[in-house]
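**Q** Let me begin by handing over the structure; questions about it come next.
The values are calculated or read from the model by the stated rules, or taken from the named source; none is laboratory data. Worth saying up front: this structure is predicted, and the values here are computed from it rather than measured. For neighbour counting, all protein chains shown are included, and Cβ atoms are generated from backbone atoms with ideal geometry for every residue, glycine included. For the accessible areas, the whole protein counts, side chains as well, though only heavy atoms, and no ligand, DNA or RNA atoms are used. Shrake-Rupley method; radii C 1.70, N 1.55, O 1.52, S 1.80 Å.
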Amino acid sequence: KAYDFIFNIENLNDLIEYLSKKIKFKKSVAGQRALMTPKLRDEIKARDNNTCQICGLSTKDEPNLLLEIDHIIPLSKGGMTTEDNLQTLCWKCNRSKGSKIYKHI
Ligand SMILES: [Zn+2]
């Protein structure tokens, strides 16, 4: 048999430990950073029409505009990598934003 899984208390404890480590990682800043995949970045930019959510510049206005994905509530303040906490900013606005919580609608 290729797959032998013995289900006992020791295995169960290992499993619980493994899962709790995963959950802790998911909630940690490093875990939240890891969720920030290139695919997610592209999705947020597409949602925001490649437009900076503070100054309104878009790659249509400036083809070389560098757009970045910003956490509205920073990870350092407990923000999560979820679509509703992410916005597209140009690099200039992102630099001037620092770690302030600021959302332009
Ligand atoms: Zn901007």
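**Q** Give all pairs with beta carbons closer than 8 Å in which a residue from segment 39-63 that is within 17 Å of SER96 (Cβ to Cβ) meets a residue that is open to solvent by 60 Å² or more (accessible area, probe 1.4 Å) and not basic (Lys, Arg); count only pairs at least 6 apart in sequence or on separate chains.
**A** Close Cβ pairs (under 8 Å, with a partner that is open to solvent by 60 Å² or more (accessible area, probe 1.4 Å) and not basic (Lys, Arg)) amount to GLN53/HIS104; ILE54/TYR102; ILE54/HIS104.
**Q** Looking only at segment 58-91, count every residue that is in contact with a strand residue (DSSP E or B) (Cβ under 7 Å, 6 or more places away or on another chain) and part of a helix (DSSP H, G or I) and tell me the total.
**A** Within segment 58-91, residues that are in contact with a strand residue (DSSP E or B) (Cβ under 7 Å, 6 or more places away or on another chain) and part of a helix (DSSP H, G or I) number 2.
**Q** List the residue pairs whose Cβ atoms are under 9 Å apart, where the first residue sits in segment 81-93 and is touching a residue at least 24 places away in the same chain (Cβ under 8 Å) and open to solvent by 10 Å² or more (accessible area, probe 1.4 Å), the second is within 11 Å of the ligand (Cβ to nearest atom) and assigned to a strand (DSSP E or B), and the two are 6 or more positions apart or on different chains.
**A** Filtered contacts from segment 81-93: TRP91/LEU67; TRP91/GLU68; CYS93/GLU68; CYS93/ASP70.
**Q** A further question follows. For segment 51-71, how many residues are open to solvent by 60 Å² or more (accessible area, probe 1.4 Å) and within 13 Å of the ligand (Cβ to nearest atom)?
**A** Count: 4.
**Q** Now for a separate question. Check PHE7 against each of (1) among the aromatic types (Phe, Trp, Tyr); (2) surrounded by 12 or more Cβ atoms within 10 Å (Cβ to Cβ); (3) not in a helix (DSSP H, G or I) and name the one condition it does not meet.
**A** (2)
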